[in-house]
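The values are calculated or read from the model by the stated rules, or taken from the named source; none is laboratory data. Treat the numbers as computed from the prediction; the structure is a model and nothing was measured. Cβ: placed from backbone, ideal geometry, glycine included. Neighbour counts: every protein chain shown.
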Amino acid sequence: MNQPLVRLTRREFLRTGTIGAATVSALGFDLTAAYAQVRELKIARTTETRSTCPYCSVSCGVIIHTLGDRSRNVRPAVVHVEGDPDHPINQGTLCPKGITLKQNIVNDRRLTKVKYRAPGSRVWEEKPWDWAIDRIARLVKDTRDRRLRIEDARGRALHALTAVGVIGGCTDTNEVNYLLVKAFRAGLGVVPIEQQARI
Ligand code: SF4
């Protein structure tokens, strides 16, 4: 005897084909064990590191799964990134952009070295990190020496530097932001300080 035809809406079909959605398919198979095993295989023996999605100011919590036995000569590899269920902002969920975070970390097009293009040049040169830090410090110092305003037009104390700006990322913690303000505003007088979580 013919089985009755199973009719699916487009939404039901997509939901059935998505791991993490329905555990019983519209065709009658219980997929619970299969889903559990796929996940188990993927993250078995990984190290979990909690972090923050860097893509937007929502700052969702993520768990990064890294494979590697922590030996000195083994380079750990990121094999999976998922939402952190214990994080108060996203409670385990990630948007379509955040769920691709692994491709940001494991990507041969990712820049890991300093690239410097001299004024007027069309060529990007590779430079050491120490060189870059020294150059930034030099430019900040020279700019501050030239442009720090000690007082305003009426002689009132100002101590303001508007020719240098500081911007932080959404993964910066409260403590990092505290240090940024302390070092740059209280220390150097920098006025334009911004943070991605506020933009
Ligand atoms: S997962 Fe999406 S919403 Fe959350 S921080 Fe990343 S980009 Fe923003």
Could you please tell me which pairs satisfy a Cβ distance under 6 Å, a separation of 6+ or placement on different chains, a first residue in region 43-62 that is assigned by TED's automatic domain parsing to the domain that holds VAL81 and within 12 Å of LEU101 (Cβ to Cβ), and a second residue that is modelled with pLDDT under 85 and more than 9 Å from the ligand (Cβ to nearest atom)? THR52/THR171; PRO54/THR171
When you go through VAL78, VAL74 one by one, which is the residue that is exposed (fewer than 14 other Cβ atoms within 10 Å of the Cβ) and of a type in the set (A, V, I, L, M, F, W, C)? VAL74
Check region 105-114 and report whether any residue there is closer than 23 Å to LEU67 by Cβ, among the hydrophobic types (A, V, I, L, M, F, W, C) and part of a helix (DSSP H, G or I). yes
Give the residue that is farthest from VAL190 (Cα to Cα), with candidates limited to residues of region 115-146 that are hydrophobic (A, V, I, L, M, F, W, C) and not in a helix (DSSP H, G or I). VAL123
Mind checking which residues of region 90-102 are surrounded by 11 or more Cβ atoms within 10 Å (Cβ to Cβ) and either under 15 Å from the mean Cα position of the chain (by Cα) or away from the ligand (no atom under 13 Å from the Cβ) (or both)? ASN90, LEU94, CYS95, LYS97, GLY98, ILE99, THR100, LEU101, LYS102
If you scan region 46-71, which residues turn out to be loosely packed, with under 12 Cβ neighbours inside 10 Å and within 11 Å of the ligand (Cβ to nearest atom)? SER57
